[in-house]
Amino acid sequence: MSSVPVPILTAPTASGKTALALALARESAAAGQPVEIVAADAFTVYRGLDIGTAKPSAAERAAVPHHLLDVADVTEDYSVAAYTRAAESAIADILARGARPLVVGGTGFYLTALTRGLPLTPPADVAARAVVEAELEARGLDALLADIAAENPAEAARMERNPRRVVRALEIRRRTGRYPGEFGQAPPAFAYRVVAFSPPETELLGRIEARTRAMLAGGWPEEARWLAAQVDPQRGPRPTVWQALGYREALAVARGDLDPPEAAARIALATRQYTRRQLTWTRRQLGAELLTPAAAGAQLRAALSER
């Protein structure tokens, strides 16, 4: 394990964390310390999801090396465990080459797995999972979440209304008598320093709305149509890639079922609700103080200069 903590930059969606990370990486490289970015986003791992995930551009990736982008096909269900193993491997490789890794992203489950270690949950049981999936179809997500909340409210909150996490949690609970969060974690491979920031709420909302409109005008509906041709959005339980914010609305625009202004309004509302969950996760699960962008930049600059 490196004696110097690996810095993590996290912030809500559309807050400008990618731009800040790129600026700091370029600044550090100019000072003789190359930096490579390890992405921590549950949807930029997928090839083909570029516009709707605001994936760094080809030019940005050419300027600063990035890892854990475009590592899975949209037909795959990329797991937290797969991400964590790949991220730890990338971090070890970056350090071995004398560069500094900088983890950048807003997916709470990924960041928690890195900082706390992978959960020691048992392997999946296909038959048991199928039973819970059938129950999800019959009773609905809210009913299953209510079952979890009645026994373990913290575990229900951890699900973030993600159907696959709910199915996994109930599969394990019914087999073992415990929820996934009750198994503990393996030791993390590295020490980390989490730096978190958020713009003021009104500024963040404006950024979300502007970015959503720009993505819809920049080809997002066509990207969603391509995704629907690869993975049926109606397949149950909801495929992982179709849990990405806004893709269903973008597909509705592509099919003429929704006009762009209404789609933008719906996506912006869902994104704002998601950013609130991200901020709660940052405070409660990562234990990080929310800084201003300038203060976060200063802390990261100091962290990247440590030897």
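The values are calculated or read from the model by the stated rules, or taken from the named source; none is laboratory data. All values reported here derive from a predicted model rather than from experimental measurement. Please note: Cβ atoms are built from the backbone with ideal geometry, for glycine as well, and neighbour counts cover all protein chains shown.
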Quiz item: Asp70 passes all but one of (1) charged (D, E, K, R); (2) on the phi < 0 side of the Ramachandran plot; (3) surrounded by fewer than 19 Cβ atoms within 10 Å (Cβ to Cβ); which number fails?
Solution: (2)
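Is there a residue in segment 168-185 that is within 28 Å of Val6 (Cβ to Cβ), in contact with a Gly (Cβ under 7 Å, 6 or more places away or on another chain) and at pLDDT below 95?
Within segment 168-185, the subset within 28 Å of Val6 (Cβ to Cβ) is 168, 180-185.
From the residues that got through so far, the ones that are in contact with a Gly (Cβ under 7 Å, 6 or more places away or on another chain) too are 185.
Among the residues that remain, those that are also at pLDDT below 95 are: 185.
Checked against the condition, which is being within 28 Å of Val6 (Cβ to Cβ), in contact with a Gly (Cβ under 7 Å, 6 or more places away or on another chain) and at pLDDT below 95, segment 168-185 yields at least one hit.
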Quiz item: Quick check: anything in segment 22-29 in contact (Cβ under 8 Å) with a residue 24 or more places away in the chain and of a type in the set (Lys, Arg)?
Solution: yes
Quiz item: Can you tell me which residues in segment 109-140 are over 30 Å from Leu69 (Cα atoms) and free of Cβ contacts under 8 Å to residues at least 60 places away in the same chain?
Solution: Ala127, Ala128, Ala130, Val131, Val132, Ala134, Glu135, Ala138, Arg139, Gly140
Quiz item: Among the listed residues Ala210, Ala189, Ala214, Ala229, which satisfies the condition of being modelled with pLDDT of 95 or more, under 30 Å from Pro122 (Cα atoms) and outside any strand (DSSP E or B)?
Solution: Ala189
Self-check item: Positions within segment 285-297 being surrounded by 13 or more Cβ atoms within 10 Å (Cβ to Cβ) and either aromatic (Phe, Trp, Tyr) or assigned to a helix (DSSP H, G or I) (or both), in sequence order
Solution: Pro293, Ala295, Ala296, Gly297
Practice problem: Could you please find all residues in segment 77-116 being more than 16 Å from the chain's Cα centre (by Cα), surrounded by fewer than 16 Cβ atoms within 10 Å (Cβ to Cβ) and assigned to a loop (DSSP other than H, G, I, E, B)? | Solution: Arg97, Gly98
Practice problem: Collect the residues in segment 1-32 that are more than 26 Å from Glu249 (Cα to Cα), assigned to a loop (DSSP other than H, G, I, E, B) and touching a strand residue (DSSP E or B) at 6+ places or on another chain (Cβ under 6 Å), keeping them in residue-number order. | Solution: Pro5
Exercise. Taking the residues in segment 86-108 that are in contact with a Leu (Cβ under 8 Å, 6 or more places away or on another chain) and without any contact (Cβ under 8 Å) to a residue 60 or more places away in the chain as candidates, determine which candidate is farthest from Gln33 (Cα to Cα).
Key: Ala86
Quiz prompt | Filter pass, Ala263 being in contact (Cβ under 8 Å) with a residue 60 or more places away in the chain, in a helix (DSSP H, G or I) and more than 13 Å from Ala11 (Cα to Cα) | solution = no
